[in-house]
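The structure appears below as structure tokens.
The values are calculated or read from the model by the stated rules, or taken from the named source; none is laboratory data. Treat the numbers as computed from the prediction; the structure is a model and nothing was measured. Here Cβ is always computed from backbone atoms with ideal geometry, including for glycine, and neighbour counts include all displayed protein chains.
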């Protein structure tokens, strides 16, 4: 990038500082530019061949050279130590380590990272909806995220899917292995097309009995609130809280009242609720955010009373 042509365009008072990569500067042309007074001086920390001890410009009074030690300052060493400590804490907790060499996907973009815990929870919700084993899992990133490397989102979705299934600790490293061992086909798709939101993350699954399930989520507002915005084709918007209850039923009067009555009798508080209708099929889906896990038998009682085709409880509470 910096050769004789570049040096000739510089002022004779210019100083060239290279602390990036040695190959960016033509070292022979730099020496000639210094000798001819094309530039005022140079400070060089990196070289085309390292270690380097005998380049012609080393002896010039207007040149400062250092042995590629930018990472060896006390400040840099402290920063590296803190970074390693943070990574170790994440690894011990089973969380995603962005700079781990044994995690597929490489470096994780800052815009992608907030979606990792969201899509992991979507994987757990999808698992709660299923009545039998999955044979196929698709993770989709839609919107602005499609421009970035989103491989980590698939790892997070699989981690969420298996978190409540296997007894062993599930990590971003072993989640793909668990899927392969169970014969589950996995794929990651991206699309720039999304309605209503800047970004949307979707986890879809097909079960052994041929049932197709889908959960869609997004992050909204300055605080990046995690929300569910779709379940099995029903559009809705409700915060993704620790305890959710999901029902699909024939749309008719009295169902919401029955839900409230039964939960009230069980002393379960409803923190939020969204009902989405499919007017063509005359069906509806309700997602309730509740304050605590349901007492034993309450889910079955509601499902029986409202004739629910789908009844699921989702527990995302962190017990670590």
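Restrict the check to the stretch 237-253 and report whether at least one residue is exposed (fewer than 13 other Cβ atoms within 10 Å of the Cβ) and more than 16 Å from residue 311 (Cβ to Cβ).
Yes, some residue in the stretch 237-253 is exposed (fewer than 13 other Cβ atoms within 10 Å of the Cβ) and more than 16 Å from residue 311 (Cβ to Cβ).
Of the listed requirements (1) modelled with pLDDT under 90; (2) assigned to a loop (DSSP other than H, G, I, E, B); (3) surrounded by 11 or more Cβ atoms within 10 Å (Cβ to Cβ), residue 49 misses just one: (3).
Within the stretch 25-46, the set of residues being surrounded by fewer than 16 Cβ atoms within 10 Å (Cβ to Cβ) and closer than 23 Å to residue 73 by Cα comprises 43 only.
Residue by residue through the stretch 264-276, note down the ones that are surrounded by 14 or more Cβ atoms within 10 Å (Cβ to Cβ) and either under 26 Å from residue 212 (Cα atoms) or out of contact with any strand residue (DSSP E or B) (no Cβ under 9 Å at 6 or more places or on another chain) (or both). Listed by number, the residues that qualify are 266, 273, 274, 275, 276.
Just one of the listed residues (233, 210, 217) is assigned by TED's automatic domain parsing to the domain that holds residue 164, in contact (Cβ under 8 Å) with a residue 60 or more places away in the chain and under 26 Å from residue 138 (Cα atoms), namely 217. When the stretch 58-80 is filtered for residues that are over 33 Å from the mean Cα position of the chain (by Cα) and either closer than 17 Å to residue 27 by Cα or modelled with pLDDT of 85 or more (or both), the ones remaining, listed by number, are 58, 59, 60, 61, 62, 63, 64, 65, 66, 67, 68.
In the stretch 165-227, counting only strands (runs of 3 or more DSSP E) that sit wholly within it, the ones holding 1 or more residues that are more than 17 Å from the chain's Cα centre (by Cα) and loosely packed, with under 13 Cβ neighbours inside 10 Å span 185-191, 212-220.
When the residues of the stretch 81-126 are narrowed to those that are at pLDDT 85 or above and outside any helix (DSSP H, G or I), which ends up nearest to residue 219 (Cα to Cα)?
The selected residue is 114.
Among residues that are outside the structural domain of residue 157 (by TED's automatic domain parsing) and either under 14 Å from residue 122 (Cβ atoms) or surrounded by 15 or more Cβ atoms within 10 Å (Cβ to Cβ) (or both), residue 282 is not included. Does residue 125 satisfy the criteria of being in contact (Cβ under 8 Å) with a residue 24 or more places away in the chain and more than 30 Å from residue 308 (Cα to Cα)? Judged against the criteria, residue 125 is not a match.
Within the option set 293, 289, 309, being within 25 Å of residue 165 (Cβ to Cβ), touching a residue at least 40 places away in the same chain (Cβ under 8 Å), surrounded by 17 or more Cβ atoms within 10 Å (Cβ to Cβ) and not assigned by TED's automatic domain parsing to the domain that holds residue 162 holds for one residue only, 289.
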